[in-house]
Amino acid sequence: MASIAVDPQPSVVTRVVNLPLVSSTYDLMSSAYVNTKDQYPYLKSVCEMAEKGMKTITSVALTSALPIIQKLEPQIAIANTYACKGLDRMEERLPILNQPSTQANTCFSNLDLDVCLKENGHFLTS
């Protein structure tokens, strides 16, 4: 009997990172960060020390937390399922999440998100 492979549900973190608004904003901020480091050598050295420290801290934290994460895996999977459902609802109600930040910026130019959403036929109320 052949076994059927079931694709596991993607993590909510992966889905959020892959949203066009999030990924394009990250790209813009990352580019600005790199350009700033390139323009200011003293700031670059401070940033690189901070980056190295964060990598070390992250590595130690992950190593320490791994046994707990493995033990809580079933609960994490359930939480992920609910988070993905919530993200589905957010994507339905806020189509701006599926636009790159350059397009979404037109809505935020006057910092009136409520007006922008109403003009596009979307409301924040349930």
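Structural remarks
Each row is one residue, and each column tells you yes or no for (1) surrounded by fewer than 10 Cβ atoms within 10 Å (Cβ to Cβ); (2) over 25 Å from GLN9 (Cβ atoms); (3) not aliphatic (A, V, I, L, M).
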| position | (1), (2), (3) |
| --- | --- |
| ALA32 | no, yes, no |
| GLN39 | yes, yes, yes |
| SER45 | no, yes, yes |
| GLU51 | no, yes, yes |
| LEU62 | no, no, no |
| ILE68 | yes, no, no |
| LEU72 | no, no, no |
| ASN80 | no, no, yes |
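- Candidate set: the range 82-94, residues that are surrounded by 14 or more Cβ atoms within 10 Å (Cβ to Cβ) and not basic (Lys, Arg); chosen: the one farthest from VAL16 (Cα to Cα): LEU94
- Answer from LYS85, LYS55, LYS118, LYS71 - the residue that is basic (Lys, Arg) and at pLDDT below 95: LYS118
The values are calculated or read from the model by the stated rules, or taken from the named source; none is laboratory data. This structure is a prediction, so every number in the text was calculated from the model and none was measured. Virtual Cβ from ideal backbone geometry, glycine too; neighbours counted across all protein chains shown.
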